[in-house]
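The values are calculated or read from the model by the stated rules, or taken from the named source; none is laboratory data. Source: prediction; values computed, not measured. Note: ideal-geometry Cβ built from the backbone for every residue, glycine included; neighbour counts use all protein chains shown. All accessible areas refer to the heavy atoms of the entire protein, side chains included, with ligands and DNA or RNA removed. Shrake-Rupley method; radii C 1.70, N 1.55, O 1.52, S 1.80 Å.
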Amino acid sequence: MKKLIPLCSLLLFIGCSDEDLYVSPDGDMPQAVLIEEEIPASEQDIFMVVEEQPIFPGGQEAYTKFLGTNLTYPEKAKNMGIEGRVFVSFVVQKDGELKDFQIIRGIGGGCDEEALRVLMASPNWEPGKQRGREVATRMQAAITFKLDGSKASPSNPSRLIIEVPDQEIEIEK
C-alpha cells in the first residue's frame, strides 16, 4: 500500500500538462498541490467579445468618412438594380492590421467585392483590449447599397448607406 501512494503521485504528475505539480511530504502521506499559471493568450487566440472594442483611427466619424470617400457603387449592380446589405467579417490583429476577411452575407453585382476591397485598403486600427492587453478581435461591418428607384440613371443616382453603431450615414454617389 505504501508503494502505491508514490505511484499514484507519479501518475498524477505525468497527467498534468499545462500546470505545475508540487508534491510535498506531510508525515507519512504526500500531498499533491496544483499550481496554476496564467497562460498568456497565444497569437492564434481571436476574441469575439472584448472589454474595449477595436477602433478605426480617428473614431467612427473618420471611419464613415473613409468609407464614403473610397466606396463606389458598382456599375453592374446599378444596371441590374441590385440593392442590399453586405456583411464582412475580419480580424483586427494585436498590431491593428486587418486580416482574415470573409463575406458573411453578400448581394452580388460587384457590391461584395467593393465592400471587401475598401475594408482591405483600410489603415491599421487601434486593437481591441482584454484585461488591459491588446488582443486579436473578430469584427463585422455592414454596408448597405441602395438605389433611388429601381435602376440607376443620370436622373436616378445611387446611394451608399454606411451603418455604424446607433446611426446611419447616407452618401450620394
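Worth a mention:
- Restricting attention to the stretch 118-134, the residues that are open to solvent by less than 70 Å² (accessible area, probe 1.4 Å) and on the phi > 0 side of the Ramachandran plot total 1.
- Qualifying residue in the stretch 82-97 (condition: surrounded by 15 or more Cβ atoms within 10 Å (Cβ to Cβ), over 18 Å from CYS111 (Cβ atoms) and of a type in the set (A, V, I, L, M, F, W, C)): yes
- Flag for GLN167 being at pLDDT below 85 and more than 17 Å from ILE82 (Cβ to Cβ): yes
- Residue pairs whose Cβ atoms lie under 7 Å apart, separated by 6 or more positions or on different chains, with the first residue in the stretch 103-124 and more than 23 Å from VAL135 (Cα to Cα) and the second assigned to a helix (DSSP H, G or I) and open to solvent by less than 20 Å² (accessible area, probe 1.4 Å), are GLY109/ALA77; GLY110/ALA77; CYS111/ALA77; VAL118/LEU67.
- Candidates GLN44, GLN60 - the one that is at pLDDT 55 or above, surrounded by fewer than 18 Cβ atoms within 10 Å (Cβ to Cβ) and either part of a loop (DSSP other than H, G, I, E, B) or among the basic types (Lys, Arg) (or both): GLN44
- Of the criteria (1) open to solvent by 90 Å² or more (accessible area, probe 1.4 Å); (2) closer than 30 Å to ASP148 by Cβ; (3) touching a residue at least 24 places away in the same chain (Cβ under 8 Å), which one THR69 fails: (3)
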